[in-house]
Structures are given as structure tokens and as C-alpha cells.
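Here is the structure we will look at.
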Amino acid sequence: MSRKYKFHDQEKLYFVTYTVVNWIDLFTKTAYKDVLIKSLEHCIEQKGLEIYAWCLMTNHVHLIIGTHGDSMEDILRDHKKHTSKELLRTIQNSTSESRRDWILAQFLKAGRANSNNTNYQLWQQHNKPMELYSAEVMYQKLDYIHNNPVKAGFVDRPEHWLYSSANDYCGQPGLLGGGCRSLRWGCGTSPGYASGTSRRRTRLPDILAPAMSRRCTGPPLHIAPAMDP
């Protein structure tokens, strides 16, 4: 694997993406999206994950992350393992999922084709971590994350998509975490700093929040439910 697709410095911020096998549009129901959101919140509260930007699409997830606890690779490994089990259980027990048999068959086929699995595989194995080494790269990735739903044609503006951090950057309450408490949109400190450690990093929200605020003209006109029936 290329060096640029590995976590080499836990003090830095990284852009990561993880995707459902075969790009299956799994996250079209609230119950499935809730599994992922709850797992991210657990990682924030219990594992030291810092989320600076995020977007949940129908078949993949984008994050800008750091850590003041467990290593980022360990957090993502545990997060993907847990959500895979919970999502499979939720799908298997669903009485409203018309695609249940087809989805499970796809996951079973992917798992049997991978020697690292013994049964189902829900997530592709890679996360493609990319270090955000400059303000220019930070801007680029933040815009890319928040404009994903716009590019896909789901909404007209980034902040109209419920399942992303665009609202946080526009001064609106976000869905994940507790605003500055978990997502730290320019609020000055993180638990690592507050506890008196010597760790320092160029903090993404301090750089980007003013620019994102200028792009937001007011509260969202509507919130897109990401095709939940």
C-alpha cells in the first residue's frame, strides 16, 4: 500500500473514506444510519476520536479525524467491526427491508471471496487515510466532504443534508456529537489540550470555520432524509 494511505502520525489530522462492498446503497433507512451515528458517538466518548468533519452518504462515509486516545487505525477497525455486526443484525431482523435477501447475498459473496473473512463482509477493507498537511488540502477535503450530497443531486446546498457536519460549520446544531463538545468547531480546546498535555496541532476548525460560515446564507430551507421511506 502507498505510504500516503497509512496513518503515520497520530498528532495530525487525516481524511478517511470507508465504503460498503460493491458500493451497495445501504444507508437509505434511518435504522441503518442510526447504527453508524451511535458508533461514532461511542468512539468520540470512549476511544478519544476527534471528528472535525463528516458525511454519511448512501454507500460510503467521509471523515476528517484526529485522536487524543486510541490510535486512529484501531478506532476505525473497531468501529467498522462493530457497525458491520450491528448492521447485519438489523438487516436480518428487518421486516420492512425489501432488499434483505439480495443485500445479505451480496455481503456473503464478498465475505467468501475474502480470505480474511469467514462469513459476511459489509465494509471494504481499506480506509485510504490521507494526512492533511496544509491549509489548502484541508479546504479541499472539507469542501469535498460537504459537497458530496450536492454533487449526488440529493440537495441544493451542503447544509441541507442532515447526515453531515455542514450545519455545524454554518452555526446550526449538528446531528453528531454535541457541537463544540465533540466536534470542536473552533471552540479552542480539546480534551488533550485541556488535560495539560503538550500535544499541539494546527486545528482544522480554527482555519475553516470562518470560511464555511461565509458560504452559509441562513438556516436550511429543508433537511433531506436521505431517501428513508
Of everything in region 1-55 that's touching a residue at least 40 places away in the same chain (Cβ under 8 Å) and among the basic types (Lys, Arg), which residue is surrounded by the most Cβ atoms within 10 Å (Cβ to Cβ)? LYS33
Is there a residue in region 97-107 that is more than 23 Å from the chain's Cα centre (by Cα) and of a type in the set (Gly, Ala, Ser)? yes
So, in region 95-118, how many residues would count as being exposed (fewer than 14 other Cβ atoms within 10 Å of the Cβ), part of a loop (DSSP other than H, G, I, E, B) and either among the small types (Gly, Ala, Ser) or touching a residue at least 12 places away in the same chain (Cβ under 8 Å) (or both)? 4
Taking region 2-39 and keeping residues aromatic (Phe, Trp, Tyr) and in a loop (DSSP other than H, G, I, E, B) leaves PHE7, PHE27
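Each value in this text was obtained by applying a stated rule to the coordinates, not by laboratory testing. What you are looking at is a predicted structure, and each value in this text was computed from that prediction instead of being measured. Neighbour counts are summed over all protein chains in view; Cβ atoms, including those assigned to glycine, are modelled from backbone coordinates with ideal geometry.
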